[in-house]
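Trainee: I am attaching a structure below and will ask some questions about it afterwards.
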Amino acid sequence: MIKTGEPDWNDLRYFLAAARAGTLSGAARVLGVRHTTISRRLAALEAALGVSLVVRMRQGIEITPLGQTLLPLGDDLERTMQALTALVRSGKNSVRLALPSGFSPLFAERMAGFHKAHPDINLELTSGSRPVDLQHGEADLAVRIGTIADDDLIAQKLCVAGWSIYASQRYLDRHPMPIDPRQLAGHEIIGFHASLAGVPGAKWVEAHGAGATIVLRVAEMTEMLAAALSGAGLAVMPCMLAEAEPRMVRLAPDILGSHPVSLVYRREIGAEAPVRAVIRFVSTIIKDHAEVISGETQ
């Protein structure tokens with residue numbers, strides 16, 4: 001028995017593109033994605049509906065009889081969604097930009113200038129460590145830290161974010177310098193929630209924290225900064241966030257880890273004028289602060 005579920009209607013446009021092109025590679029060229037993405041999204045739609053829509057052959061694909069029946073319905077739905085999107089965006093030039101924790105101050109100081117230059121665009125910022133779901137409309141654009149794995153999104157690399165090790169003077173009063181970041185035994189450390197296990201700081205603590213005491217684990221970098229300022233423990237954290245706070249002391253000049261900073265958005269909105277204006281705005285701000293973000297300032 002075939003297990004079915006709710007279809008993701010975003011997959012429908014991949015089916016329509018494949019049907020029109022006659023091949024997966026042709027559809028991939030039209031949509032600007034890899035042919036494996038087309039195949040994966042087709043398979044997801046078929047699994048959700050519980051039916052076969054295409055027959056894959058060496059020379060291309062053939063639409064099944066049921067798939068042929070669905071094609072005009074898909075065309076109608078596509079036109080309806082395009083009209084709906086155009087109607088909404090024609091009356092409201094709103095762009096939602098999601099930022100990682102610690103980035104919002106870089107943008108806040110220039111928001112007035114952006115609104116003066118683009119009075120017709122309503123730019124809304126949100127901030128947090130949880131990546132927003134762009135495919136399901138949680139935001140229009142996002143600044144993301146780390147590798148972008150979704151082939152369906154455009155990712156424009158902006159710079160590299162560096163991490164180092166920090167402590168407050170309150171902690172250093174108990175554990176005087178020097179502190180070797182590669183030998184953390186005997187120290188208290190602010191650790192990371194499992195959701196942040198892949199970030200450079202968590203990897204550094206995992207590699208060099210043997211014999212240290214994890215005093216608490218945080219899911220937000222702003223919480224790590226607050227805990228470090230209280231003297232709770234050492235913190236391996238983004239240089240940009242720590243060095244904006246004069247009470248934090250950097251314990252090593254080295255960059256202990258890094259990862260890319262990218263601007264990410266859905267392919268279909270990239271040509272819209274309000275979105276292009278925000279892309280330029282974001283690119284300029286990140287470029288102007290690239291040295292601070294990298295941590296290469298000492």
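Each reported figure results from applying straightforward, stated rules to the coordinates on display, with no laboratory input. Quantities reported herein were computed from a predicted structural model and do not represent experimental measurements. Neighbour counts run over all protein chains shown; Cβ positions are idealised from the backbone, glycine included.
Trainee: Taking N as the number of residues in region 160-258, what value does Rg over Cα atoms divided by 2.2 N^0.38 Å take?
Mentor: Working: Rg = 11.7 Å, N = 99, 2.2 N^0.38 = 12.6 Å.
Its radius of gyration relative to the 2.2 N^0.38 Å reference: 0.93.
Trainee: Follow-up. Which ordering of ILE121, ILE145 is given by a fewest-first count of other beta-carbon atoms within 10 Å?
Mentor: In order of increasing Cβ crowding within 10 Å: ILE121, ILE145.
Trainee: Residue by residue, what Karplus-based ³J(HN,Hα) values in Hz, rounded to whole numbers, does region 257-268 have, using 6.51, -1.76 and 1.60 with θ = phi - 60° and x for Gly and Pro?
Mentor: My calculation for region 257-268 gives x, 7, 7, x, 10, 10, 9, 10, 7, 6, 4, 6 Hz in order.
Trainee: Next question. May I ask what percent, to the nearest 5, of DSSP beta bridges between residues of the chain are antiparallel? Write out the running numbers ahead of the final one.
Mentor: On the way: 26 of 40 bridges.
Of those bridges, close to 65 percent are antiparallel.
Trainee: Sticking with this one: Is it possible to state the helix-based mean residue ellipticity at 222 nm for the chain, with each DSSP H run of 4+ residues giving -39500 (n - 2.57), the sum divided by total residues, to the nearest 500 deg cm²/dmol? What is it?
Mentor: On the way: 12 runs with 122 residues, N = 298.
Computed ellipticity for the chain at 222 nm equals -12000 deg cm²/dmol.
Trainee: Right, something else. Using the Kirkwood radius over C-alpha pairs as Rh, can you work out the diffusion coefficient of the chain via Stokes-Einstein at 25 °C, viscosity 0.890 mPa s, in µm² per second? Could you put the intermediate results ahead of the total?
Mentor: On the way: Rh = 22.1 Å.
Answer, rounded: 111 µm²/s.
Trainee: Between ALA149 and ARG20, what is the FRET efficiency for a Förster distance of 30 Å, r being their Cβ-Cβ separation, to the nearest 0.05?
Mentor: Numbers: r = 28 Å, r/R0 = 0.92.
Taking R0 as 30 Å, the efficiency between ALA149 and ARG20 is 0.60.
Trainee: Under a point spin-label approximation (7 Å from Cα along Cα-to-Cβ), what is the VAL55-ASP288 distance to one decimal in nm?
Mentor: 6.1
Trainee: I would also like to ask the following. Pulled fully out, how much extra length does the chain show between ARG280 and LEU77, if you take 0.36 nm times their separation in residues and subtract their Cα-Cα distance?
Mentor: Values: separation 203, 0.36 × 203 = 73.08 nm, distance 3.26 nm.
Answer, rounded to one decimal: 69.8 nm.
Trainee: Then there's this: May I ask you to sort ILE189, ILE285 by Cβ crowding, counting other Cβ atoms within 10 Å and putting the fewest first?
Mentor: On the way: ILE189 23, ILE285 18.
Lowest count first: ILE285, ILE189.
Trainee: ³J(HN,Hα) across region 185-195 via Karplus (A = 6.51, B = -1.76, C = 1.60, θ = phi - 60°), whole Hz, x for Gly/Pro?
Mentor: Whole-Hz 3J(HN,Hα) from phi for region 185-195: 4, x, 9, 8, 10, 8, x, 10, 5, 4, 5.
Trainee: With 10 Å bins from zero, work out the P(r) of region 9-91 over every alpha carbon pair and list the percent per bin.
Mentor: 18, 50, 25, 6, 1
Trainee: Using amide H atoms built in the peptide plane, which far-off residues or other-chain residues are under 5 Å from THR213 H to H?
Mentor: Amide H to amide H, under 5 Å and 5 or more residues apart or across chains, THR213 pairs with GLY186, HIS187, GLU188, ILE189.
Trainee: Using modelled backbone amide H atoms (1.01 Å from N, in-plane), which distant-in-sequence or interchain residues come within less than 5 Å of SER168's amide H?
Mentor: GLY231, VAL249
Trainee: Further question on the same structure: When you count, for each residue, the other Cβ atoms within 10 Å and take the mean per peptide, how do 254-260, 68-74 rank with the highest first?
Mentor: On the way: 254-260: 17.9, 68-74: 13.7.
The packing order, highest mean first, is 254-260, 68-74.
Trainee: Would you list SER101, SER230 from fewest to most Cβ contacts within 10 Å? Provide the component values of the computation, followed by the final result.
Mentor: Working: SER101 19, SER230 12.
Ordered by Cβ neighbours within 10 Å, fewest first: SER230, SER101.
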